[in-house]
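Have a look at the structure below before the remarks.
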Amino acid sequence: MYSSSIFEGNLYDFSDQEPQRAPIGIFDSGVGGLTVLRQVYRQLPNESIVYFGDTARLPYGIRSQAEILQFAREILTWLQQQRVKMVIMACNTSSALALETVRQEFSIPILGVILPGARAAVQQGKRIGVIATPATAKSNAYRQAILEIDPNVQVWQVGCPEFVPLIEQNRIHDPYTTEVARAYLEPLLQQEIDTLVHGCTHYPHLAPVLRSLLPSHVKLVDPAVHVVAACTQELDLLGLKNIHLPLPTRFAVSGCPQQFAQSGVKWLGYTPMVEEVCFTDTASQLQQDHVG
Ligand code: DGL
């Protein structure tokens, strides 16, 4: 529990007369952040949301830290232009590789998923497995966060490169996905984990598949639940909770809006209207800089 706002001391520039009415920005590489959006609908039903999916540049989990940082800067700049009052970085890869840096650069409060997920994990068990994108697993962000909270637990992390493409392609119930999941879980089951953290916001979409492969005593931790609880607390502390009716959620993507709408309907229960937002092609620019 935060005793005071973690954003105290930051400057806020809400030109809106009523900053409480401003939307919350949520972003991810794709449909993964919808697992966080779902929690916002449950826990913060009065908040208006601007959701951004960087679908033209996913998967993030195989990108370099420089790329992830650049993408986060571009998305946060855009969200700030949309006058959001707070941002939930609904992406573990960005939270692991970019959160600390961008928090110094932007005056808007930004919440990441890793610390709330780590806090929830240590409350659940002592032998903690984390499944994550290769970049998140390699960063050791979960291990560090968990061990800082409780040095007496054990943590094993597995990078799962195939999960995000399979989820984005709507192949959750494909038998191939179950086989891939079985292989990723194998080393964690050998360690007899008692808790498994969804270290990527896409993975709660796979929960039924994972559940079918795990012993029933293994608890699943979804950081989405806990980041939204932290967000609620922050809104309270900063006096930014909306008490009026929310506006309809705005969806924007960098890739194909129709494709996002098609995959989103399954998770949202309605067909979203999706806008397209173009950023300059910094990914290839970064690659060129690297080659040059
Ligand atoms: N859903 C994101 C995460 O939590 C990004 C996954 C990806 O694009 O590889 O890490």
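Pairs please, first residue from the range 52-71 and in contact (Cβ under 8 Å) with a residue 12 or more places away in the chain and open to solvent by 30 Å² or more (accessible area, probe 1.4 Å), second anywhere and within 8 Å of the ligand (Cβ to nearest atom) and hydrophobic (A, V, I, L, M, F, W, C), Cβ atoms under 8 Å, 6+ apart in sequence or on different chains.
Sorted first by the residue in the range 52-71, then by its partner, the pairs are Leu58/Val164; Pro59/Val164; Ile62/Ala135; Arg63/Ala135; Gln65/Ala135.
Would you confirm whether or not the range 233-247 contains a residue that is modelled with pLDDT of 95 or more, within 16 Å of the ligand (Cβ to nearest atom) and farther than 19 Å from Tyr142 by Cβ?
Within the range 233-247, not a single residue is modelled with pLDDT of 95 or more, within 16 Å of the ligand (Cβ to nearest atom) and farther than 19 Å from Tyr142 by Cβ.
Tell me which of these Ala98 doesn't satisfy, since it passes every other one: (1) without any contact (Cβ under 8 Å) to a residue 40 or more places away in the chain; (2) small (Gly, Ala, Ser); (3) surrounded by fewer than 23 Cβ atoms within 10 Å (Cβ to Cβ).
(3)
Pick from the range 22-51 the residues that are under 17 Å from Ile167 (Cβ atoms) and polar (S, T, N, Q): which of them is surrounded by the fewest Cβ atoms within 10 Å (Cβ to Cβ)?
Thr35
Within the bounds of the range 160-182, is there any residue that is among the small types (Gly, Ala, Ser) and open to solvent by less than 10 Å² (accessible area, probe 1.4 Å)? Even if it seems obvious, please write down each step before you answer.
Initial filter on the range 160-182 (among the small types (Gly, Ala, Ser)): 181.
Subsequent filtering for residues that are open to solvent by less than 10 Å² (accessible area, probe 1.4 Å) retains 181.
Yes, because at least one residue in the range 160-182 is among the small types (Gly, Ala, Ser) and open to solvent by less than 10 Å² (accessible area, probe 1.4 Å).
Of the residues that sit in the range 61-86 and are within 16 Å of the chain's Cα centre (by Cα) and away from the ligand (no atom under 15 Å from the Cβ), which one is nearest to Thr136 (Cα to Cα)?
Going through the qualifying residues, I end up with Arg73.
Val227 is checked against (1) at pLDDT 95 or above; (2) farther than 30 Å from Gly125 by Cβ and fails just one. What number does that condition carry?
All conditions pass for Val227, except number (2).
Among the strands (runs of 3 or more DSSP E) confined wholly to the range 121-233, which include 2 or more residues that are among the β-branched types (Val, Ile, Thr)? First the steps, then the outcome.
Values: elements: 127-132, 154-159, 195-199, 219-221.
Of the strands (runs of 3 or more DSSP E) lying wholly inside the range 121-233, those with at least 2 residues that are among the β-branched types (Val, Ile, Thr) span 127-132, 154-159, 195-199.
Among the residues of the range 227-258, count how many are over 18 Å from Asn46 (Cβ atoms) and open to solvent by 70 Å² or more (accessible area, probe 1.4 Å).
The qualifying residues number 1.
The values are calculated or read from the model by the stated rules, or taken from the named source; none is laboratory data. Computed from a predicted model, the values in this text were never measured in an experiment. Cβ coordinates were reconstructed from backbone atoms using ideal geometry, including for glycine residues, and neighbour counts include every protein chain displayed. Heads up: the accessible areas ignore ligands, DNA and RNA and are worked out on the full protein's heavy atoms, side chains in. Shrake-Rupley method; radii C 1.70, N 1.55, O 1.52, S 1.80 Å.
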